[in-house]
């Protein structure tokens, strides 16, 4: 137990230690300052020249938004095409995997383009190595790059004074991939490789077991895909069981590295905000607010998982290792709880245990974590979501002290409040309406066969699926027969809306902030880097999420918890 | 006929009017302006229909009485919100009406183009008409004196009993309808059409006919609409959720949940708070031309204040008399007094006052004969030639030097020059007195800083407002007074365009600037300033250019206006916080009530241990309705603003309205439930 706890603390400690210098580095990359990785610029310039993009051309928010959408549309079309014709591609398909069905291909392409990585297929049987690398792995890079580059636009918007330009999305996007994601992925992939995770183009391996049968074991170029999957808050597994599979997560050391990778960039981006704007204290306040929520979630989930399942306890069976259903013995209950909170906080979505099998309280926490979707959050977009809460908190806090609200000298007016409210509103809208349609269908047609579990848990399964899709998380509660046209199309659409509207809105907001003149700070202004503002921010974050989702959570995990 | 400055919060007449108005305001076309309360009205209508449906025994919607009770409670929620708005309007109107009472129909002596005078009713006057007012007449309408000077009793408007002087061609040429001319005869040109005076505009604003939402109010309405939509989603989707969970949920329960969750408290009080802000300005005798102006005042970063009248009392005063050159104290005082007795300038008068204070017996003995020498621009001295031939002169040192032929060479002159330098460096003005061309001593004139002004500036500094003193003095004197009074910056030797340039400079840095002015040459700066307050006695141009008019002509009024603006925003912000955080308790009341029968485990969420599902829902709805009238006094009076620094203020308000808003409804709902459970 104590070693488990030590593991949890060590993971968090290492993450925060590593995130600080990384944040400083990312800020320099965004600003175009001198960094060690400048040797890559000839390569970047070559790419930009081929695409005839002038990296120094600054664009306003509308042009940047169009650039982002255009690029993502190309990625999407490329992916859906490859998935539907993978059988005909002559290389990297040793297991002769067939083409993907249309609605599943739509779901998969949107899922990976939107950085969600919700999987309604199983990697071993659904994808060729070509698709794994040039669709999955490729999208895992570019979707993460899209999120990071968008955040860079927001940062620029906050420092601009009465100017329209927010930088060049193409250039920022390229640098996010080459300077941030690529070097980190190489390091993490090597760690994975050294710990025995496979990297091969060979097909199924035939192995003779101790009992004497032969089994076909799926392998592939796993280690590099898993590295970017974790670092880019993607989470889509190479294999069906995701990081519970030993080839995706070999031992406790890979588990530690993977968990750190999940949290690293999202946390570093909070610090990058502090370095970029030279507002380190404010970054600490933001980090503090997120970390309070995060640690509360981790500690309660870890407590509930370590103390075992009450239903099993009722049978008179002692559970010294905690509730172990659906968990890997090599990681244990506490590390699985930490992973669960990390992966739902950051919109990563990879799992090293089955979330479906966690105790109801932890399941509820994972749901709430994705409902907030701003505790560190997905790379880039997490901070952007968080920023929407900041706008609302600044607005309320400003009024509370008798001044027209302003954030870092920019007045928060009707337009900003409108955008932030809409973006925040979208998340409950997608989750609640989606789940309502599913619940309605399941209620009038119980024989539809979606749910492996009846009652509250079945409700949690549907709620989780839509929450995961809208939060671009990608983890599944499983137990849901999700590869049906309804779930493929509904979740695909929710993922698209849940990804792009919360990016477009904030870019517009950044544009509007950039155009404003800066109001000098006075002793009557709201001091955002104060503890009092931190309290307002925490209140806004928790209250909005809790108020929006309390009834839904009541009928799912809370009812299950109290009925146990 | 002094106006009562403070109306009681609730007068029976006002209450009666407001109750009627609350029902009139139920008109959906009027309700539409307030999206939050409009949804409650829709909920009431739905519940009315459901009540009838529930008459059928197998409707599954609960008892008829229960449904009717919910319907009535929702209706009361809307009525309470309407009442809050109505009472704020009624109080504003009452305040304005007492001002308007002063301007009932009076007779006006209209001057016709042929020079003859025709007596008409004041309501017949048109813009640019010229009329004549004589001692004893009431001025029929706002106008500008184009000929003559008069003393006027403005107590009807300002409550100040001392008469004021108004003169054509000066910065004090404006006259107000309803005030009374005490002496002399003036020719006045009508500047406004009847019904379009500032007061009329203000009354319209308060009555809501032309009340426009301020930018912050719009932003807040958007946020509240956002919350309303979220809770609409929460409630609507709860129906399929509970169907799935095989729980029958009544429409009454869902609508109650919805109404309790949406921010009805702030939604119901929002416009009342806005109107009350305008009303508070009016109560301070400031007529704001728009709500935005009041709001902007609270956001001010920089305030330009004229030195004279604002920071210092009127004019310079003599504070010390220093005899030199062998003159005795008594003798020197006597000559100072003699030279000033016939001097009509404020400085002269203050010398007489000082002399009377220093040597009371001399004043009685001194005769007022002799030839008074007036100040001219050429000699730059004034004084007196006494019957015995003694010539007394006083003036600036260089003028006296010329008069006496002194060259500053001898010992006495050196001493005097030392004194002069000392006085000047302390912000005073030295006046040298000579007797028979012999230098006799120095009179020290000083600006007297208004008592308590330092504290006001310190208060402003804590609010984050920078104070700037504008003066015609030389930089040295200006700096001294600025330090004494505690202003942050000053403009010395100011010309009218300097104010304008300073405002532009500050605005370029993104600051909001407020200033007060009265003269025509102030008009461009008043127009440029974000908050321009004109004195009512000021010229028409100044009043047109500003966005507020101060009826009291009190230069320190600006400081009050800033606090009123801040109070307006603070009240809104804190009631919003209170309203939203209330939802936590309401959830704990209603959600367990919805599901407790079908999912017994959820009774654990009933932490208030409310008696039954019905009483829990009723109690939450009752609390939700009652909190609106309970907060009306707060909305009307405003949350107190304390200049304790932004962070401390935020902490304080978080504790009161945040933490309070979290805890109070738990207690309130529980108490109501104790009563309700006796009946349900």
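The values are calculated or read from the model by the stated rules, or taken from the named source; none is laboratory data. Only a predicted model underlies this, so the values are computations on that prediction, with no experimental measurement involved. In this analysis, Cβ positions are derived from the backbone assuming ideal geometry, glycine residues included, and neighbour counts consider all displayed protein chains.
Need the failing condition index for residue A:216 against (1) more than 18 Å from residue A:129 (Cα to Cα); (2) without any contact (Cβ under 8 Å) to a residue 40 or more places away in the chain, just the number.
(1)
In the set A:308, A:212, A:288, A:274, which member is assigned to a loop (DSSP other than H, G, I, E, B) and in contact with a helix residue (DSSP H, G or I) (Cβ under 9 Å, 6 or more places away or on another chain)?
Working: A:212 fails: in contact with a helix residue (DSSP H, G or I) (Cβ under 9 Å, 6 or more places away or on another chain); A:288 fails: assigned to a loop (DSSP other than H, G, I, E, B); A:274 fails: assigned to a loop (DSSP other than H, G, I, E, B).
Answer to the selection: A:308.
Yes or no, residue by residue, for (1) surrounded by fewer than 11 Cβ atoms within 10 Å (Cβ to Cβ); (2) in contact (Cβ under 8 Å) with a residue 24 or more places away in the chain:
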{"residue": "A:23", "(1), (2)": "no, yes"}
{"residue": "A:38", "(1), (2)": "no, no"}
{"residue": "A:42", "(1), (2)": "yes, no"}
{"residue": "A:49", "(1), (2)": "no, no"}
{"residue": "A:57", "(1), (2)": "no, yes"}
{"residue": "A:61", "(1), (2)": "no, yes"}
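Please state which one of B:642, B:637 is more than 14 Å from chain A (Cβ to nearest Cβ) and surrounded by fewer than 22 Cβ atoms within 10 Å (Cβ to Cβ). Spell out how you get there, then give the answer.
Details: B:642 fails: more than 14 Å from chain A (Cβ to nearest Cβ).
Answer to the selection: B:637.
If I filter the range A:418-437 down to residues being touching a residue at least 40 places away in the same chain (Cβ under 8 Å) and facing another protein chain (nearest Cβ under 8 Å), which single residue comes out as farthest from the chain's Cα centre (by Cα)?
We begin by selecting, within the range A:418-437, every residue touching a residue at least 40 places away in the same chain (Cβ under 8 Å); these are A:419-420, A:422-424, A:426-428, A:430-432, A:434-435, A:437.
Restricting the remaining residues to those that are facing another protein chain (nearest Cβ under 8 Å) gives A:422, A:424, A:428, A:432, A:435, A:437.
On the way: A:422: 21, A:424: 17, A:428: 17, A:432: 20, A:435: 21, A:437: 25 Å.
Looking at the filtered set, the residue picked out is A:437.
If I go through the range A:502-530 residue by residue, how many of them are over 28 Å from the mean Cα position of the chain (by Cα) and either in contact (Cβ under 8 Å) with a residue 24 or more places away in the chain or within 20 Å of residue A:151 (Cβ to Cβ) (or both)?
11
If you take the residues of the range B:575-585 that are more than 7 Å from chain A (Cβ to nearest Cβ) and buried (at least 24 other Cβ atoms within 10 Å of the Cβ), which of them is nearest to the chain's Cα centre (by Cα)? Let's see the steps before the verdict.
Within the range B:575-585, the subset more than 7 Å from chain A (Cβ to nearest Cβ) is B:575, B:578-579, B:582, B:584-585.
If we keep only those that are buried (at least 24 other Cβ atoms within 10 Å of the Cβ) as well, we get B:575, B:578-579, B:582, B:585.
Numbers: B:575: 21, B:578: 26, B:579: 27, B:582: 32, B:585: 37 Å.
The selected residue is B:575.
Please give the number of the condition residue B:249 fails out of (1) in contact with a helix residue (DSSP H, G or I) (Cβ under 7 Å, 6 or more places away or on another chain); (2) at the interface with chain A (Cβ under 8 Å from one of its Cβ atoms); (3) over 28 Å from residue B:634 (Cβ atoms).
The number of the failed condition is (2).
Please note which strands (runs of 3 or more DSSP E) are completely contained in the range B:482-574 and include at least 2 residues that are within 14 Å of chain A (Cβ to nearest Cβ) and either crowded, with 24+ Cβ neighbours inside 10 Å or at positive phi (or both). Break it down stepwise before answering.
Working: elements: B:489-491, B:513-517, B:531-535, B:548-550.
Here the list reads B:513-517.
Do any helices (runs of 4 or more DSSP H) lying entirely in the range A:1-119 carry at least 3 residues that are under 24 Å from residue A:350 (Cα atoms) and touching a strand residue (DSSP E or B) at 6+ places or on another chain (Cβ under 9 Å), and which ones are they? Give the steps one after another, and end with the answer.
Working: elements: A:2-31, A:41-50, A:61-85, A:102-113.
Fully inside the range A:1-119 and qualifying: nothing.
Take the residues of the range A:523-564 that are part of a loop (DSSP other than H, G, I, E, B) and more than 9 Å from every other protein chain (Cβ to nearest Cβ): which is surrounded by the fewest Cβ atoms within 10 Å (Cβ to Cβ)? Give the derivation first.
Restricting attention to the range A:523-564, the residues satisfying the condition of being part of a loop (DSSP other than H, G, I, E, B) are A:523-530, A:564.
Okay, now just the ones that are also more than 9 Å from every other protein chain (Cβ to nearest Cβ), so A:528-529.
Details: A:528: 24, A:529: 17.
Filtering the range A:523-564 for residues that are part of a loop (DSSP other than H, G, I, E, B) and more than 9 Å from every other protein chain (Cβ to nearest Cβ), the one surrounded by the fewest Cβ atoms within 10 Å (Cβ to Cβ) comes out as A:529.
Go through (1) on the phi < 0 side of the Ramachandran plot; (2) modelled with pLDDT under 85 one by one and return the number of the condition residue B:405 breaks.
(1)
Looking only at residues in the range A:182-193 that are surrounded by 23 or more Cβ atoms within 10 Å (Cβ to Cβ) and in contact (Cβ under 8 Å) with a residue 60 or more places away in the chain, which one is nearest to residue A:47 (Cα to Cα)? Can you show your working first?
Narrowing the range A:182-193 to residues surrounded by 23 or more Cβ atoms within 10 Å (Cβ to Cβ): A:185, A:188, A:192.
Imposing the further condition that a residue be in contact (Cβ under 8 Å) with a residue 60 or more places away in the chain reduces the set to A:188, A:192.
Numbers: A:188: 25, A:192: 30 Å.
Applying the filter and picking the extreme gives A:188.
Out of the residues in the range B:180-207 that are in contact with a helix residue (DSSP H, G or I) (Cβ under 6 Å, 6 or more places away or on another chain) and in a loop (DSSP other than H, G, I, E, B), state the one that is modelled with the lowest pLDDT.
Filtering first and then ranking leaves B:194.
Quick check on the range B:277-289. Is at least one of its residues outside any loop (DSSP other than H, G, I, E, B) and within 13 Å of chain A (Cβ to nearest Cβ)? Steps first, please.
If we filter the range B:277-289 for residues that are outside any loop (DSSP other than H, G, I, E, B), which is where we start, we get B:277-283, B:286-288.
So of that shortlist, the ones also within 13 Å of chain A (Cβ to nearest Cβ) come out as B:277.
The answer is yes, given that some residue of the range B:277-289 is outside any loop (DSSP other than H, G, I, E, B) and within 13 Å of chain A (Cβ to nearest Cβ).
Among the residues of the range A:400-413 satisfying the criterion of being closer than 16 Å to residue B:647 by Cα and touching a strand residue (DSSP E or B) at 6+ places or on another chain (Cβ under 8 Å), which is surrounded by the most Cβ atoms within 10 Å (Cβ to Cβ)?
A:405
Quick check, is residue A:433 assigned to a helix (DSSP H, G or I), on the phi < 0 side of the Ramachandran plot and touching a helix residue (DSSP H, G or I) at 6+ places or on another chain (Cβ under 6 Å)? Let's see the steps before the verdict.
On the way: assigned to a helix (DSSP H, G or I): yes; on the phi < 0 side of the Ramachandran plot: yes; touching a helix residue (DSSP H, G or I) at 6+ places or on another chain (Cβ under 6 Å): no.
Taking the combined requirement at face value, the residue does not satisfy it.
Given the structure, is residue B:300 modelled with pLDDT of 85 or more, outside any helix (DSSP H, G or I) and either within 14 Å of another protein chain (Cβ to nearest Cβ) or within 30 Å of residue B:414 (Cα to Cα) (or both)? Don't jump to the end; show me each part of the working.
Numbers: modelled with pLDDT of 85 or more: yes; outside any helix (DSSP H, G or I): yes; either within 14 Å of another protein chain (Cβ to nearest Cβ) or within 30 Å of residue B:414 (Cα to Cα) (or both): yes.
Yes: the conditions hold for residue B:300.
Of all the residues that make up the range B:487-520, how many are closer than 15 Å to residue B:305 by Cα and in contact (Cβ under 8 Å) with a residue 12 or more places away in the chain?
Looking only at that region, the number is 23.
So in the range B:452-481, with the set limited to residues that are within 14 Å of chain A (Cβ to nearest Cβ) and assigned to a helix (DSSP H, G or I), which one is surrounded by the fewest Cβ atoms within 10 Å (Cβ to Cβ)?
It comes out as B:458.
Determine which member of the set A:458, A:397 is in contact with a strand residue (DSSP E or B) (Cβ under 6 Å, 6 or more places away or on another chain) and facing chain B (nearest Cβ under 10 Å). Give the derivation first.
Numbers: A:397 fails: in contact with a strand residue (DSSP E or B) (Cβ under 6 Å, 6 or more places away or on another chain).
Checking each option against the conditions leaves just A:458.
Residue A:110 is checked against (1) modelled with pLDDT of 95 or more; (2) surrounded by 17 or more Cβ atoms within 10 Å (Cβ to Cβ) and fails just one. What number does that condition carry?
In the conditions (1) modelled with pLDDT of 95 or more; (2) surrounded by 17 or more Cβ atoms within 10 Å (Cβ to Cβ), residue A:110 misses (1) alone.
Check residue A:450 against each of (1) within 11 Å of chain B (Cβ to nearest Cβ); (2) touching a strand residue (DSSP E or B) at 6+ places or on another chain (Cβ under 9 Å); (3) over 21 Å from residue A:550 (Cα atoms) and name the one condition it does not meet.
Exception for residue A:450: condition (1).
Right, residue B:654: assigned to a helix (DSSP H, G or I), within 9 Å of another protein chain (Cβ to nearest Cβ), closer than 30 Å to residue A:403 by Cβ and modelled with pLDDT of 90 or more or not? Give the derivation first.
On the way: assigned to a helix (DSSP H, G or I): yes; within 9 Å of another protein chain (Cβ to nearest Cβ): yes; closer than 30 Å to residue A:403 by Cβ: yes; modelled with pLDDT of 90 or more: yes.
It is true that residue B:654 is assigned to a helix (DSSP H, G or I), within 9 Å of another protein chain (Cβ to nearest Cβ), closer than 30 Å to residue A:403 by Cβ and modelled with pLDDT of 90 or more.
What number goes with the only condition from (1) surrounded by fewer than 22 Cβ atoms within 10 Å (Cβ to Cβ); (2) free of Cβ contacts under 8 Å to residues at least 60 places away in the same chain; (3) over 24 Å from residue B:579 (Cα atoms) that residue A:356 does not pass?
Unmet for residue A:356, out of (1) surrounded by fewer than 22 Cβ atoms within 10 Å (Cβ to Cβ); (2) free of Cβ contacts under 8 Å to residues at least 60 places away in the same chain; (3) over 24 Å from residue B:579 (Cα atoms): (2).
Among the residues of the range B:588-621, write down those that are over 47 Å from the mean Cα position of the chain (by Cα), buried (at least 21 other Cβ atoms within 10 Å of the Cβ) and part of a loop (DSSP other than H, G, I, E, B).
Residue satisfying the conditions is B:599 alone.
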